[in-house]
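**Student:** Before I ask anything, here is the structure I am working with.
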Amino acid sequence: CFRGYLLVVSTPRTAPQGDKASLVIYDLKNKLVAHSMAVGEVAHVLCDFGAVTVVLADGTGCALREKDAASKMELLFRKNLYSVAAAMIRSQGGAEAAAQVAEV
């Protein structure tokens, strides 16, 4: 777990050698898939400095950072996921969140 997210790296059991693994990041608080991507063979997953770094067996890697709340809302609105956006705002709590939900 990393900041309320669960990171799962999996490979198909029947996959031939060198086949792509999948990296799925679950948002546990909002109960949704936050990110999903195909990756090569994963050697290490590191969580530090506000990012998750995935190091692949071939020595390459990528760093994943959480987007700010405004960027998340913009993306959800573009995808017409208004109920998910409202639930995320509510999960932040407070009077500000209630006012934002009223705007949604």
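**Student:** Lysines near residue 79 by alpha-carbon distance under 22 Å, same-chain residues fewer than 8 away left out - which ones?
**Tutor:** The reachable lysines, counting only those whose Cα sits under 22 Å from residue 79, are 29, 31, 67.
**Student:** Hey, rough spin-label estimate for residue 49 and residue 11, points 7 angstrom out along Cα→Cβ, what's it come to in nanometres?
**Tutor:** Here the answer is 2.8 nm between the modelled labels.
**Student:** Separate question: Run through all the Cα pairs of the range 27-90 and give the fraction in each 5 Å bin from 0, expressed as whole percent.
**Tutor:** Going from the shortest bin to the longest, the percentages are 4, 14, 20, 20, 15, 12, 11, 3, 0.
**Student:** While we're on this one: Round to the nearest 0.05 the FRET efficiency obtained for residue 70 and residue 20 when R0 = 30 Å and r is the Cβ-Cβ distance.
**Tutor:** The calculated FRET efficiency here is 0.40.
**Student:** Length gain on complete extension for the stretch residue 32 to residue 81, per 0.36 nm per residue less the alpha carbon to alpha carbon distance?
**Tutor:** 16.4 nm
All of the numbers you see were taken from the coordinates with simple rules; none came from a lab. Fair warning: this is a prediction, and the values are worked out from it, not measured in the lab. Here Cβ is always computed from backbone atoms with ideal geometry, including for glycine, and neighbour counts include all displayed protein chains.
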